[in-house]
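Any read-out appearing in this document is the output of simple, stated calculations on the displayed coordinates, not a laboratory observation. Everything numeric in this text was worked out from a predicted model, so none of it was measured. A quick note on method: Cβ atoms are made from the backbone with ideal geometry, for glycine too, and the neighbour counts reach across all protein chains shown.
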Amino acid sequence: MDAQPVMDLAAAMERFDGDQDLFLTLAEMFLERSPAALAAIQTALAEKNLPVLAKEAHKLKGSAMEFCARPTVAAAAQLEELARQSALNETAAIGERIHAEVQRLTAALQVIIEKGFPS
């Protein structure tokens, strides 16, 4: 899981046309919203609610794409697809992976918010 960088900051900044303020605003929004997103995914997993699971994974995937956070995007995409295929047996492990990847992403974003962009 940790072999791949948590995000491609250079590519993310290209997405934002170099606008660091916009990046920071969206990073703060991600930090605020990700706990609720993870909770919604966990609830959907526990309740075996596949339509909600697919929807929540899709939303998380879109949010992570903004930061070019490939590991988080890949885990969310995999969970979304498994939910759409009704592959309940495989969703729990991916749910754990998403949690770990979101934690890595939020930690990286927090460092940028607190210490600024690397030079």
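At-a-glance table
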read-out: Overall dimensions of the range 15-79 as given by Cα atoms, namely Rg and Dmax in Å; value: 12.9, 42
read-out: Packing rank of 6-12, 19-25, 50-56, where each peptide gets the mean count of other beta carbons within 10 Å, highest leading; value: 50-56, 6-12, 19-25
read-out: Helical segments meeting 27 Å axial Cα length and Kyte-Doolittle 1.6 threshold in the chain (DSSP H); value: none
read-out: Percent RCO, i.e. relative contact order, over the range 17-113, from Cα pairs under 8 Å lying at least 6 residues apart; value: 30 percent
read-out: Ranked packing of 67-75, 82-90, most packed first, by mean Cβ within 10 Å; value: 67-75, 82-90
read-out: Mean ellipticity per residue at 222 nm, deg cm²/dmol - from DSSP H runs of n ≥ 4 across the chain, formula -39500 (n - 2.57); value: -27000 deg cm²/dmol
read-out: Over the chain, volume per residue of the alpha carbon convex hull, in Å³; value: 90 Å³
